[in-house]
Amino acid sequence: MSIYSFTAKSITGEDIPLSRYKGKVLLIVNTASRCGFTPQYRELQTLYDKYQSAGLEILAFPCNQFMNQEPGTDQQIQSFCETQYGITFPLFSKVEVKGENAHPLFQYLTKEAPGIVNEQIKWNFTKFLVNRKGEVVGRYAPTTSPMKIEQEIQTLLEEAIETTGGQT
């Protein structure tokens, strides 16, 4: 099993196989529009603008499990993200990220990169970094600014180039 084994519904209702992102560096984030960390959308978009052409994809999964901080419909969430933050990276339909109804992707992510106390996600804007092989290589707390992950993202993007660069 790998990250590419999963499918998720886009914010517009399309089933997206994550195999679509094979060969990309992924930053997967559970998000919310009414959270103290919501301004991180701005930094996520900055990273996306800077590194998308080099192979970075940011996948945002809205979640309403933490103090009802994402109460809107998918359409309302999409509109908010586009108008307030100019988001152009992929947004997915609202999911649960913990508990027995957690989306299978998040069940997998939390098993591959458990938290300090336990596997469960504790709040919005938990971030998972995935290399180009589909391996989960990092988990970052909601308090971690996306820009603090930039060096790790650059390293993963460069490693992929070095790995495939000299082959004929």
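What ranking do 82-88, 123-129, 69-75 get when scored by the average of other Cβ atoms within 10 Å per residue, highest first?
Details: 82-88: 13.9, 123-129: 23.7, 69-75: 15.6.
Result, highest mean first: 123-129, 69-75, 82-88.
Tell me the carbon and sulfur percent of the accessible area for the range 1-116, rounded to whole percent, probe radius 1.4 Å.
That share works out to 46 percent.
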- line: Between the Cα axis of helix 74-85 and the main Cα principal axis of the chain, the angle (0 to 90°, nearest 10) is 70 degrees
- prompt: Ser10's amide H: which non-local residues (gap 5+, or another chain) put their own amide H closer than 5 Å, with H modeled 1.01 Å from N in plane and none for Pro or chain starts?
  reply: Asp15, Ile16, Ser93
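Looking at the square roots a ≥ b ≥ c of the eigenvalues of the Cα gyration tensor of the range 1-112, which shape do they give, rounded for a/c under 1.5, prolate if a/b is larger than b/c, or oblate? Kindly include the intermediate steps, with their values, before the conclusion.
Values: a/c = 1.59, a/b = 1.06, b/c = 1.50.
Oblate is the answer for the range 1-112, as a/c is 1.5 or above yet b/c matches or exceeds a/b.
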statement: The helix 40-51 Cα axis meets the longest alpha-carbon principal axis of the chain at an angle in degrees, between 0 and 90 and rounded to 10, of 20 degrees
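Let me confirm the definition first: pairs of Lys residues in the chain, 8 or more apart or on different chains, C-alpha distance under 12 Å. How many are there? Let's see the in-between values first.
Values: Lys9/Lys94; Lys22/Lys133; Lys24/Lys133; Lys98/Lys111; Lys98/Lys122; Lys127/Lys148.
Lysine pairs satisfying the spacing and distance rule in the chain number 6.
Rounded, prolate or oblate: which one fits the range 67-143, using the alpha carbon gyration tensor with axes a ≥ b ≥ c (rounded when a/c is under 1.5, else prolate when a/b beats b/c, else oblate)?
On the way: a/c = 1.96, a/b = 1.49, b/c = 1.32.
It comes out prolate by the Cα gyration axes.
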task: Please determine, in degrees from 0 to 90 and to the nearest 10, the orientation of helix 150-165 with respect to the longest principal axis defined by the Cα atoms of the chain, where the helix direction is its Cα long axis.
output: 40 degrees
Å² per residue, accessible surface of the chain at 1.4 Å: 50 Å²
statement: One finds, for Lys133 and Glu82 with R0 = 30 angstrom and r their Cβ-Cβ distance, a FRET efficiency to the nearest 0.05 of 0.40
field: Under-5 Å amide H pairs with Thr126, H placed in peptide plane, nonlocal only
entry: Asn30
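Add -39500 (n - 2.57) for each DSSP H run of 4 or more in the chain, then divide by its residues: what number comes out at 222 nm, to the nearest 500 deg cm²/dmol?
Working: 4 runs with 49 residues, N = 168.
It lands at -9000 deg cm²/dmol.
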field: Under-5 Å amide H pairs with Leu59, H placed in peptide plane, nonlocal only
entry: Leu27, Ile28, Val29
- request: Identify the residues of the range 6-38 with backbone N under 15 Å of a label point that sits 7 angstrom from the Cα of Gln107 along the Cα-to-Cβ direction, or state none.
  value: 6-8
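The values are calculated or read from the model by the stated rules, or taken from the named source; none is laboratory data. Since we're looking at a predicted model, the values are computed, not measured. All Cβ positions, glycine included, derive from the backbone under ideal geometry; neighbour counts span all protein chains shown. These area figures cover heavy atoms from the full protein model, side chains too; ligands, DNA and RNA do not enter into them. Shrake-Rupley method; radii C 1.70, N 1.55, O 1.52, S 1.80 Å.
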